[in-house]
Amino acid sequence: MNIKNLSGYNTAVLPYHLAQSLVAGIRYGFPGKKLRVIGVTGTNGKTTTCFMLWKMLNVAGHKTGLLTTVGWGVPGLTAEKLKQLGVKTDTPPDRDGLIKQIEHMTTADSFTLNRRIKIIQDEGAEFLILETTSHALSQFRTLGIPIEIAVMTNVTHEHLDYHKTFDRYVAAKAKLFKKAKYGVINRDDPSYRVFKKAINGRSSKENYAFYGIKNPADFRATSINLSASGVEYTCGDIKIKTQIPGEFNIYNSLAALAVGKKLGLPDDKISIGIHALKEVEGRMNRLDLGQKFEVIVDFAHTPDAFEKVFTSVKAPSKTGHIISLFGGAGQRDKTTRKERGEIAGKYSDICILTEDDPRDESPAEIAEMFKIGCKKAGMKDDQIIIELDRKAAIERAINLAKPGDLVLVLGKGHEKTILRADGPHPFEDLKVTAAALKNLKTS
């Protein structure tokens, strides 16, 4: 039996987390205090928003570090510098000074977090963009890291296996705003009042700004144009164009815009910086190896993320079909599996159910839960394929695709391993999918 599943375990270990974070902060000299920290929280969109902020600030001439689900680092960071510091990484920093993150964790443990912040601070960064999870906030991992600006992307059902109720989940995320001097809040999200109260409990409207599309907001997108290559819109006097598609990237870029305005960046630096971001690994990544159908790899793994992905894409031809591939992580919130299956079934012509970090749960049982949702959406048995080996499932999806179809590979995105009962195994959706496309071309 996994001790972490025992009732009351998460509360019982909070003193340990607090002590660990305190020791880590002292050991590394609370490096966050020497940086201007922008914390980003929410269920979906955190990583892309972080990358937009990071790109925008660096393009504007402000050396900025980044700590996200996908990677961490700061411009100028090199493998040689890390070697001198005794820091080992599986992959060296790229040309932007970013290191791909291997861990299946957004906000690292307090020792890793503070060590990385110290490296970023020592490299002369002015700002730090910190992707912040509800787990991290509940477990004091961000202790001693002052937040200048807090950003909320959206809040939908996730991690209820840990928080137990949605209200507790929202309250955990709102802790970031209680730490912050200023808040940037998605006005179109139903939970916006909780975040407004968290930042506004001690101050006035001067301490927060709303952004959105549907409701009145300080930063509101108008004249919206959506295309396969990105989104365009106007916000006041600023024209924004992204290189990443999907209506949800209007929200992500609006959040970045609101932060840029608060920091006093010129309008042209904001628009140029947001447009400079070409893609984020594992987020709406299109793979084109010359095939006659479209392939997208995305990290979507919550009901809200599923809905946003499916409603933002379509098959490239009117007669094309959508083939979606996904699974569900073990030891995580089970209550949304049927819902995700129903969403995928609503928009897909074929659903391929497979593994996604099953851990010590039965992948077959997880798949059956998704199948119930697919059938609830009206799918027939011959439209639902269960292939528990993820590599074989991806290959099957690629081989099934016809000209004009769209293949969606969902759930793992940037991740570099798959977690099975016997531990992690090397696995990357992007690489496996690309290999399947190459084999298709040569077969």
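Between K63 and L18, what's the calculated FRET efficiency when r is the beta-carbon distance and R0 is 22 Å? Round to 0.05. Spell out each step's value before the answer.
Working: r = 32 Å, r/R0 = 1.45.
Taking R0 as 22 Å, the efficiency between K63 and L18 is 0.10.
Which percent of the Cα-Cα distances in the chain go past 32 Å?
Values: 36564 of 97903 pairs.
Summing the P(r) of the chain above 32 Å gives 37 percent of all pairs.
Using a Förster distance of 41 Å, how high is the FRET efficiency between D349 and I272, based on the Cβ-Cβ distance and rounded to 0.05? Before the final figure, lay out the partial values.
Numbers: r = 40 Å, r/R0 = 0.98.
For D349 and I272, the calculated efficiency is 0.55.
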Q: For the chain, find the longest principal axis of its Cα atoms and tell me its angle to the long axis of helix 390-400, 0 to 90°, nearest 10.
A: 60 degrees
Q | Rounded tilt (10° steps) of 110-122 against the dominant C-alpha axis of the chain | A | 60 degrees
**Q.** Set of aspartates and glutamates near K83 by C-alpha distance (under 19 Å), chain-local residues within fewer than 8 positions excluded
**A.** D94, D96, D122, E123
Q.
Classify region 183-248 from the C-alpha gyration tensor, please: rounded if a/c falls under 1.5, else prolate or oblate depending on whether a/b exceeds b/c.
A. prolate
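According to the square roots a ≥ b ≥ c of the eigenvalues of the Cα gyration tensor, what is the shape class of region 285-442, taking rounded for a/c under 1.5, prolate for a/b larger than b/c otherwise, and oblate for the remainder? The partial results should precede the final answer.
Working: a/c = 1.72, a/b = 1.17, b/c = 1.47.
Taking the square roots of the gyration eigenvalues as a ≥ b ≥ c, region 285-442 is oblate.
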Q) Which residues' amide hydrogens lie under 5 Å from the amide hydrogen of H301, considering only partners 5 or more residues apart or on another chain, with H built in the peptide plane? A) F306
**Q.** Unsatisfied cross-links (Cα-Cα over 28 Å) in the set K239/K314; K308/K416; K196/K338; K88/K416
**A.** K196/K338
Q) Do any of K214/K269; K33/K241; K371/K391 go past 28 Å between their Cα atoms, and which? A) K33/K241
Q) Can you give the angle from 0 to 90° between the axis of helix 14-27 and the longest principal axis of the chain, with both taken from C-alpha atoms, to the nearest 10? A) 60 degrees
Q: Excluding residues on the same chain fewer than 8 positions from K81, give the lysines whose Cα lies under 19 Å from its Cα.
A: K63, K100, K118
Q: Give the calculated FRET efficiency between T165 and N215 to the nearest 0.05, with a Förster radius of 25 Å applied to their Cβ-Cβ distance.
A: 0.45
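Values quoted throughout were computed directly from the atomic coordinates according to the rules given, and no laboratory measurement underlies them. For clarity, every value in this text was computed on a predicted model and none was experimentally measured. All Cβ positions, glycine included, derive from the backbone under ideal geometry; neighbour counts span all protein chains shown.
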